[in-house]
Amino acid sequence: ILNTISLGPRLVLILNHLTAHSNPLIAEKAIVFMGRRLCNASWAQQHLSSGEPGIRASVVEGLWGRNTPVARNTMWGCLDDSSERVAGNALYGLHLLGEPQTGELVGAMIQDGRAPFRATAARVAGQIGKEEFAELLVGAIADSESTVRLEAKRALVTIRQAAVRLEQARLAESKPIPGEAENAKVPEPPPVDQPD
C-alpha cells in the first residue's frame, strides 16, 4: 500500500530502519519495499548475503519487474540458493522478465531431490498459470511428499480455472450482442422524394 500511495523518496528515509527490525515479517516486508524503491546493486548484494532466507527472498521479490542486467543476473544467481523461497522468487522473477527458459527451470525444480523445492516449483507453476505445466503438475500429484502433492493440486486448479475464464472470454467475444444481428439485417428504407 505504501509503495502505491507515496511515490517520492520520503518513505525510504522513514522506513529504512525497519529492514533491521527484530520481527522477521516486518523486516521482510520492509526489504521488499526498499528493494522496489532503491535501484542500488550494492544494497541488494549486501542484503543477499544475509543468513536469513526470508531476507534474501524479500530482496529478490523487491527486484521483480526490474528489467536491468543487475536484477536479471541476481535472479539467475539466486536460483542456486539453499532456500526454496529464494530460488522460487528468483524463478518467478525471471518469468516476469520474459525469460524464455522459465518452463525448463520449473521442470528442473519440480524434479529436485528436496521436497521443499519441488513444492515451490509447483506453486510457481500455478502463479505463472501456463497450461504447459499441467503435465508436470499431474506427475507431482503422485509425489511421496504431501506438501508437494498439495501445491501441485492447488496449481492445477488455478491453471484450469484460468483456462476456463479464458475460454469464456473467447466465447463472449464471438457471440453477437442480442438484437445487433437483427438490426444489421434490416435494410435502410429508400429516401422519399419530396414534392416541389
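Bear in mind that the values in this text are calculations on the coordinates, not laboratory data. The model shown is predicted, which means the values in this text are computed figures rather than measured ones.
Calculated over region 50-106, the projected area of the Cα convex hull averaged across directions stands at 3.4 nm².
Using only the C-alpha atoms, the convex hull of region 78-158 corresponds to 74 Å³ per residue. Using the Karplus relation 6.51 cos²θ - 1.76 cosθ + 1.60 with θ = phi - 60°, the per-residue 3J(HN,Hα) values for region 106-113 come to 4, x, 5, 5, 6, 9, 4, x Hz, with x marking Gly and Pro. Mean sequence separation of contacting Cα pairs (under 8 Å, at least six apart), scaled by the length of region 79-128, corresponds to a relative contact order of 36 percent. Contact order, relative form, for region 66-149: 23 percent (alpha carbon pairs under 8 Å, 6 or more residues apart, mean separation divided by residue count).
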